[in-house]
Amino acid sequence: MTARHSSKARRWAIGTALYLGAVALGLGSAVWVVKKAPWLNTTVQVGSWKGNMLAGNPDADLYTRAAIAVNALLALNREETMYFVAAQDEAGKPLRSSCTYRVEGVPPQARWWSITAYADDLFLFDAPNGQYSLNGTTAKLDTKGQFSFTTGPKDPGDTFWLPTPGQRGMVLTLRLYNPTPALQASPASMVAPSIKPLGDCA
Amino acid sequence: MKAATTTQRLWFYRLLTLSVTALLVHLLAIWAAPHAIMWVLMQGPQARALNMQNQAAFPPAVTANSRNVVMPSPDMLYSVCTYDVSEGPVRVTANPALPSYWSIALYASNSDNFYVLNDRKARGKPVDLWLVSEGANRTDHAVPSGSQVVVTPTRKGFLLMRVLTGNYEAEKATLEPARRTLACTKI
């Protein structure tokens with residue numbers, strides 16, 4: 001092979017490598033953005049809870065639409081349902097299934113509500129007691145009108161328990177069905193449930 | 001000022017091409033993701049197994065084994081239907097007649113939720129929707145009396161009916177017949 005041919009082949013190899021690198025960079029950055037978008041592309045944050053009020057809205061921008069399709073496919077619009085996701089406790093530490101958390105709050109201003117625990121793959125935990133959420137029907141309010149429940153690997157015995165088996169990340173999703181017009185207009189006015197870690201993690 | 005060498009010009013164009021290509025691939029992937037995910041939802045193996053093309057299907061109640069759509073709500077009993085108005089309208093009827101929350105939501109093939117009807121908006125009346133595409137010749141088929149015309153922004157789309165269930169096993173006898181009133185019929 002002549003030096004000229006060798007030089008040409010080298011240029012082609014570099015060009016092809018750069019081109020493939022560009023494709024990988026484009027795809028990788030897209031995946032990174034849509035997986036991170038719910039946390040980066042947040043329109044409202046109340047305590048540990050973050051929500052994107054453009055979810056389910058035909059006017060949503062390109063990135064919001066992609067992020068919702070990947071992370072919360074088939075979301076409803078704000079008038080029908082508002083969604084808030086917590087990935088951290090109130091101290092700002094990422095939620096872990098091996099840790100125990102006490103969640104307390106007042107029923108949100110909505111016709112009906114629920115809080116569901118999901119593993120970091122956004123699917124339900126394999127709960128041995130079949131309890132995946134606390135909601136407006138199952139929540140028992142104390143004398144102050146507050147609900148409370150516990151998430152974690154072991155049943156605390158003193159409150160409603162949402163099992164989170166395994167050693168992995170997790171999120172809590174708060175759904176508000178038919179939120180009041182006042183809350184729709186001002187989502188940040190929601191009195192957010194607190195998420196407090198209890199004891200050491202398993 | 002020193003003129004750029006051939007090698008410098010070559011690397012300049014290489015990096016320019018790399019940047020433009022990466023940007024285009026990035027935007028294309030962001031745009032395509034909702035379409036691709038909806039395509040799998042509407043045409044994928046699970047959709048074929050449910051046989052829900054222009055007809056209603058009734059998946060089992062949500063459990064930890066429900067892994068087709070992310071963040072399934074364990075408090076909702078889902079019913080589904082994939083519609084295609086390419087060759088004519090699709091009629092959607094339902095009469096859940098339940099005192100608690102239910103809704104019927106329509107999604108375009110890019111995942112946009114463009115229509116929702118819930119129990120409050122329905123005010124106790126049976127649901128009767130007449131789905132047509134944008135620009136469809138509406139004189140081809142007479143819209144039945146009492147049917148509400150809904151224009152879908154994409155010819156193919158997805159219908160999701162949610163029925164609230166606080167305790168599925170205890171409410172099964174009431175909820176199952178109620179949700180099975182849903183019908184999607186190609187005209």
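The values are calculated or read from the model by the stated rules, or taken from the named source; none is laboratory data. Fair warning: this is a prediction, and the values are worked out from it, not measured in the lab. All Cβ positions, glycine included, derive from the backbone under ideal geometry; neighbour counts span all protein chains shown.
Matching residues to (1) under 22 Å from B:Ile187 (Cα atoms); (2) more than 14 Å from chain A (Cβ to nearest Cβ); (3) in contact with a helix residue (DSSP H, G or I) (Cβ under 6 Å, 6 or more places away or on another chain); (4) touching a residue at least 60 places away in the same chain (Cβ under 8 Å):
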site	(1), (2), (3), (4)
B:Ser79	yes, no, yes, yes
B:Ile104	yes, no, no, yes
B:Asn110	no, no, yes, yes
B:Asn113	no, no, no, no
B:Asp119	no, no, no, no
B:Asp128	yes, yes, no, no
B:Val132	yes, yes, no, no
B:Pro144	yes, yes, no, no
B:Thr152	yes, no, no, yes
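So, A:Leu76, is that one surrounded by 15 or more Cβ atoms within 10 Å (Cβ to Cβ) and without any contact (Cβ under 8 Å) to a residue 24 or more places away in the chain or not?
yes
Of everything in the stretch B:154-186 that's in a loop (DSSP other than H, G, I, E, B) and surrounded by fewer than 16 Cβ atoms within 10 Å (Cβ to Cβ), which residue is farthest from the other protein chains (Cβ to nearest Cβ)? Walk me through how you get there before you give the answer.
Taking the stretch B:154-186 as the starting set, the residues that turn out to be in a loop (DSSP other than H, G, I, E, B) are B:154-155, B:165-167, B:180-182.
Within this subset, residues satisfying the condition of being surrounded by fewer than 16 Cβ atoms within 10 Å (Cβ to Cβ) are B:166-167, B:180.
Working: B:Gly166: 3, B:Asn167: 8, B:Arg180: 20 Å.
Out of the qualifying residues, it is B:Arg180.
For residues in the stretch B:85-106 being at pLDDT below 95 and under 28 Å from A:Leu62 (Cβ atoms), which is nearest to the chain's Cα centre (by Cα)?
Ranking the qualifying residues of the stretch B:85-106, first place goes to B:Val85.
Which condition from (1) of a type outside the set (Lys, Arg); (2) more than 12 Å from every other protein chain (Cβ to nearest Cβ); (3) outside any strand (DSSP E or B); (4) surrounded by 14 or more Cβ atoms within 10 Å (Cβ to Cβ) is the one that A:Trp161 breaks?
Exception for A:Trp161: condition (3).
Going by the structure shown, is A:Gly26 on the phi > 0 side of the Ramachandran plot and not in a strand (DSSP E or B)? Give the steps one after another, and end with the answer.
Values: on the phi > 0 side of the Ramachandran plot: no; not in a strand (DSSP E or B): yes.
When the stated conditions are applied, A:Gly26 does not pass them.
Please list, ordered by first then second residue, the pairs with beta carbon atoms under 6 Å, 6 or more apart or interchain, first in the stretch A:153-168 and on the phi > 0 side of the Ramachandran plot, second modelled with pLDDT of 95 or more.
Pairs that qualify, where the first residue is on the phi > 0 side of the Ramachandran plot and the partner is modelled with pLDDT of 95 or more, are A:Gly166/A:Ser97.
Would you mind telling me which numbered condition in (1) within 12 Å of chain B (Cβ to nearest Cβ); (2) in a loop (DSSP other than H, G, I, E, B); (3) touching a Pro at 6+ places or on another chain (Cβ under 8 Å) A:Leu122 fails?
Evaluating A:Leu122 over (1) within 12 Å of chain B (Cβ to nearest Cβ); (2) in a loop (DSSP other than H, G, I, E, B); (3) touching a Pro at 6+ places or on another chain (Cβ under 8 Å) leaves (3) as the failure.
Of the conditions (1) touching a residue at least 12 places away in the same chain (Cβ under 8 Å); (2) at the interface with chain B (Cβ under 9 Å from one of its Cβ atoms); (3) assigned to a loop (DSSP other than H, G, I, E, B); (4) among the small types (Gly, Ala, Ser), A:Ala60 fails just one. Which one is it?
It is condition (1) that A:Ala60 fails.
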